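Enquirer: I'd like to ask you about the structure that follows.
The values are calculated or read from the model by the stated rules, or taken from the named source; none is laboratory data. Note that the coordinates shown come from a computational prediction; the quantities given were computed from them, not determined experimentally. Neighbour counts run over all protein chains shown; Cβ positions are idealised from the backbone, glycine included.
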Amino acid sequence: MSKREKEIVIGENEARIQKNIIEELATRFQEEYERTGNKKKFYIQTYGCQMNARDSEKLKGILEHIGYIETDNEINADFILYNTCTVRENANQKVYGRVGHLKTLKKSKKDLMIALCGCMMQEDAVIETIKKSYNHVDIIFGTHNIYKLAELIKAKLDTGDMIIDIWKEHKEIVEDLPSIRKHDFKASVNIMYGCNNFCSYCIVPYVRGRERSRNPEDIVNEIKALVDDGVVEIMLLGQNVNSYGQTVDNEITFAGLLKQIEAIEGLERIRFMTSHPKDLSDELIETIGKSTKICSNLHLPLQSGSTRILEKMNRKYTRDQYLDLVMKIKAVRPDIALTTDIIVGFPGETEEDFEETLEVMRAVEYDNAFTFIYSKRTGTPAAKLEEQVPEDIVKDRFNRLLETLHPSVNKKAKEQVGKTVKVLVEELNGQGDGLVTGRLSSNHLVHLKGDKDLIGKIIDVKILEAKNFYLIGEQA
């Protein structure tokens, strides 16, 4: 039996165990409901990235199968779960603050169960702090074993003890457990877990573990099932999707996986993130160029336009290599909408380094960017670097960064005016009656007249006007 075959057997056995526990708890909760007439409610607060959002969908699926119903008010909840992020230290402080407030609520609701999971829980110091100062928390688990939520709830109910289940690395990948999607017509699918890049400012590899790719057959089968259930748009998720396939038995690249997904009948749109420049291969660029389903939007984090700073960040590409990639992408997909991440004030960043970042921004003409002021993160190599940039200089540079970005964003939005484009209508617009909101393939947001019957449909829309952060259109 190959390593892959053994992993499949282990994963199937574990999935069977968890499903049995879910059914056992569902019976217990149903009996309690028949006795009391009260359905137990859950509340989930999700912090951080789309990976965490996808994890929360899985957690919701487990809770609903057990018998909980969701509430949007934690005061009404019988089970409160915070799915945490630890990219920045102030994120940790927010969670501590929220958990601290729950102590009073816990005193008034003795059966309230409080659980913490996610990246923050992978830090030893955090676990010690919770055990010492927040002992009203009932369940603590991390990023590698979210599928065990039902088992952890059962352990809490059976023992009454604080349950802590933290794994330092991935074990088996467990498929085919419940999940609750936010939308009927689009869904996120994990294609891999963990990260091998170890950028000097980032804590993710330490809390999410090393890269592990899912088996391509499992991914394709999951997407086929979603399409059969009405999904037309898929978002493929991974910390670095470009390096997909390096841990599976059969040789496959991310481009190869995309070709298999492209062949799924009924699927209209494919998105993916995050895409690391160092692994953006010519094969992948060619695949993007030939595809009729991959959306014309690529998120390609730059972080800095200075090769010197990129080296200190351990990004493993240079300014010129990044710009070469942009030229190749635009050559095969002239309509591509490029977005990026940029960090201002990384330790040692000089005025010359910063100007090089602005030069790259002007050259690329991004459709949008996520901009960040560098935040020292304990546990990362960058936190030990000297030459921390003074706060007043960082704030000035950050403002200049936005001043450079906004003309590009406005220009790219105005280029859509007059075009008739395909729009996936996603929701009713909360700002006005008779309006709906959707997204172009380029990921631009558009508002237009319509009703709820349009939600989930891809329609032709003529773009009439470009505002600062959205477009105005009408059905063509």
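Enquirer: Looking at the stretch 427-439, can you tell me whether even one residue there is at pLDDT below 95, hydrophobic (A, V, I, L, M, F, W, C) and in contact with a Pro (Cβ under 7 Å, 6 or more places away or on another chain)?
Expert: Checked against the condition, which is being at pLDDT below 95, hydrophobic (A, V, I, L, M, F, W, C) and in contact with a Pro (Cβ under 7 Å, 6 or more places away or on another chain), the stretch 427-439 yields no hits at all.
Enquirer: Just give me the residues in the stretch 249-265 being in a loop (DSSP other than H, G, I, E, B) and either crowded, with 20+ Cβ neighbours inside 10 Å or touching a helix residue (DSSP H, G or I) at 6+ places or on another chain (Cβ under 7 Å) (or both), in sequence order. First the steps, then the outcome.
Expert: To start, the set of residues in the stretch 249-265 that are in a loop (DSSP other than H, G, I, E, B) comprises 249-253, 263-265.
Within the stretch 249-265, 249, 252, 253, 264 qualify.
Enquirer: Let me ask another. Of everything in the stretch 139-158 that's over 30 Å from residue 238 (Cα atoms) and not aliphatic (A, V, I, L, M), which residue is farthest from the chain's Cα centre (by Cα)?
Expert: Residues of the stretch 139-158 that are over 30 Å from residue 238 (Cα atoms), as a first pass: 154-158.
This time we only want the ones that are not aliphatic (A, V, I, L, M), so: 154, 156, 158.
Details: 154: 28, 156: 29, 158: 34 Å.
Across the stretch 139-158, the extreme among qualifying residues is 158.
Enquirer: Give just the number: which of (1) crowded, with 18+ Cβ neighbours inside 10 Å; (2) modelled with pLDDT under 95 does residue 233 not satisfy?
Expert: Of (1) crowded, with 18+ Cβ neighbours inside 10 Å; (2) modelled with pLDDT under 95, only one is false for residue 233: (2).
Enquirer: Can you give me the ranges of the strands (runs of 3 or more DSSP E) entirely in the stretch 269-361 with at least 1 residues that are of a type in the set (A, V, I, L, M) and touching a residue at least 60 places away in the same chain (Cβ under 8 Å)?
Expert: Filter on the stretch 269-361 gives 269-273, 337-344.
Enquirer: Right, next: How many residues are more than 17 Å from residue 168 (Cβ to Cβ), touching a Gly at 6+ places or on another chain (Cβ under 9 Å) and among the small types (Gly, Ala, Ser) if we restrict to the stretch 110-145?
Expert: Residues in the stretch 110-145 being more than 17 Å from residue 168 (Cβ to Cβ), touching a Gly at 6+ places or on another chain (Cβ under 9 Å) and among the small types (Gly, Ala, Ser): 1 in total.
Enquirer: Further question on the same structure: Step by step: first the residues of the stretch 122-149, then only those that are hydrophobic (A, V, I, L, M, F, W, C) and out of contact with any Lys or Arg (no Cβ under 9 Å at 6 or more places or on another chain), then the one that is surrounded by the fewest Cβ atoms within 10 Å (Cβ to Cβ). Which residue is that? Before the answer, list the steps.
Expert: Taking the stretch 122-149 as the starting set, the residues that turn out to be hydrophobic (A, V, I, L, M, F, W, C) are 125-127, 130, 137, 139-141, 146, 149.
Pick out the ones that are also out of contact with any Lys or Arg (no Cβ under 9 Å at 6 or more places or on another chain) and you get 125-127, 130.
Details: 125: 10, 126: 21, 127: 17, 130: 21.
Going through the qualifying residues, I end up with 125.
Enquirer: Could you grab me the full set of residues in the stretch 368-397 that are acidic (Asp, Glu) and either at pLDDT 95 or above or not in a loop (DSSP other than H, G, I, E, B) (or both)? Spell out the reasoning first.
Expert: The first filter runs over the stretch 368-397 and keeps only residues acidic (Asp, Glu), leaving 386-387, 391-392, 396.
391, 392, 396 - these are the residues of the stretch 368-397 that are acidic (Asp, Glu) and either at pLDDT 95 or above or not in a loop (DSSP other than H, G, I, E, B) (or both).
Enquirer: Residues that are among the hydroxyl-bearing types (Ser, Thr, Tyr): list the strands (runs of 3 or more DSSP E) wholly contained in the stretch 76-163 that include at least 1 such residues. Working first, answer last.
Expert: On the way: elements: 79-84, 113-118, 139-141.
In the stretch 76-163, the matching strands (runs of 3 or more DSSP E) lie at 79-84.
Enquirer: If you don't mind, another one. Only one of these is aromatic (Phe, Trp, Tyr), modelled with pLDDT of 95 or more and closer than 19 Å to residue 339 by Cα: 254, 272. Name it.
Expert: Values: 254 fails: closer than 19 Å to residue 339 by Cα.
Sole residue among the options that is aromatic (Phe, Trp, Tyr), modelled with pLDDT of 95 or more and closer than 19 Å to residue 339 by Cα: 272.
Enquirer: Next question. Condition first: over 13 Å from residue 471 (Cβ atoms), outside any strand (DSSP E or B) and not acidic (Asp, Glu). Now tell me which residues in the stretch 422-440 satisfy that.
Expert: Passing the criteria: 430, 431, 432, 434.
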